[in-house]
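Novice: Quick one: the structure is below, and I'll ask about it shortly.
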Amino acid sequence: MRNAAQHPGQNAGTLTINDFRIGPDGNLVEPMWSREKDGKIEYGPEPILADLTKGVHNLFVSGEDVLAMWAMDNLMLRGVTALGVIPEKDREPGCPLKYKLVQGSMAAR
């Protein structure tokens, strides 16, 4: 999408953004975007907010992972403590922690 916005009509195609509008049923329709290349739609139309929500989520996950890797390299006692990943199926929906501190023989794994 970024390439289509910054270089319209080139390799990524052209970005089209439809602002808020009133739909045929009289309800408000949220902004949508799509990307067209060579006369056919290659992406979309998709709600802009849904894509931005995914992007923000991915930034948070990446930041969390980078912080965890830094902590393992700089704050842990090697062989004594480590960060373990909690499997997604075992995470609590209300507090979905991804990492837990692992001590003792588990840290060597």
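The values are calculated or read from the model by the stated rules, or taken from the named source; none is laboratory data. Bear in mind that the values here come from a model prediction, so they are computed numbers and not experimental data. Ideal geometry is used to build each Cβ from the backbone, glycine not excepted, and the neighbour counts take in all protein chains shown. What goes into the accessible areas is simple: the full protein's heavy atoms, side chains included, and nothing from ligands, DNA or RNA. Shrake-Rupley method; radii C 1.70, N 1.55, O 1.52, S 1.80 Å.
Novice: Here's a check for you: in the stretch 16-30, which residue that is closer than 14 Å to Glu46 by Cα and assigned to a strand (DSSP E or B) is least open to solvent (accessible area, probe 1.4 Å)?
Specialist: Applying the filter and picking the extreme gives Val29.
Novice: Further question on the same structure: What number of residues within the stretch 31-43 satisfy the criterion of being part of a strand (DSSP E or B) and free of Cβ contacts under 8 Å to residues at least 24 places away in the same chain?
Specialist: First pass over the stretch 31-43, keeping only residues part of a strand (DSSP E or B): 32-37, 40-43.
In the following step, the residues that additionally are free of Cβ contacts under 8 Å to residues at least 24 places away in the same chain were identified as 32, 34, 36, 40-41.
Final tally of qualifying residues: 5.
Novice: Return the pair list, or none, for Cβ contacts closer than 6 Å from residues in the stretch 1-30 that are more than 22 Å from Leu52 (Cα to Cα) to residues that are open to solvent by less than 60 Å² (accessible area, probe 1.4 Å), at least 6 apart or on different chains.
Specialist: Qualifying pairs under 6 Å: Gly23/Val29.
Novice: Identify the residue in the stretch 51-73 that is more than 8 Å from the chain's Cα centre (by Cα) and over 16 Å from Tyr99 (Cα atoms) and, among all such residues, is most open to solvent (accessible area, probe 1.4 Å).
Specialist: Across the stretch 51-73, the extreme among qualifying residues is Leu52.
Novice: Return only the number of the condition from (1) at pLDDT 95 or above; (2) out of contact with any Lys or Arg (no Cβ under 8 Å at 6 or more places or on another chain) that Leu28 does not satisfy.
Specialist: (2) is the only condition that Leu28 fails.
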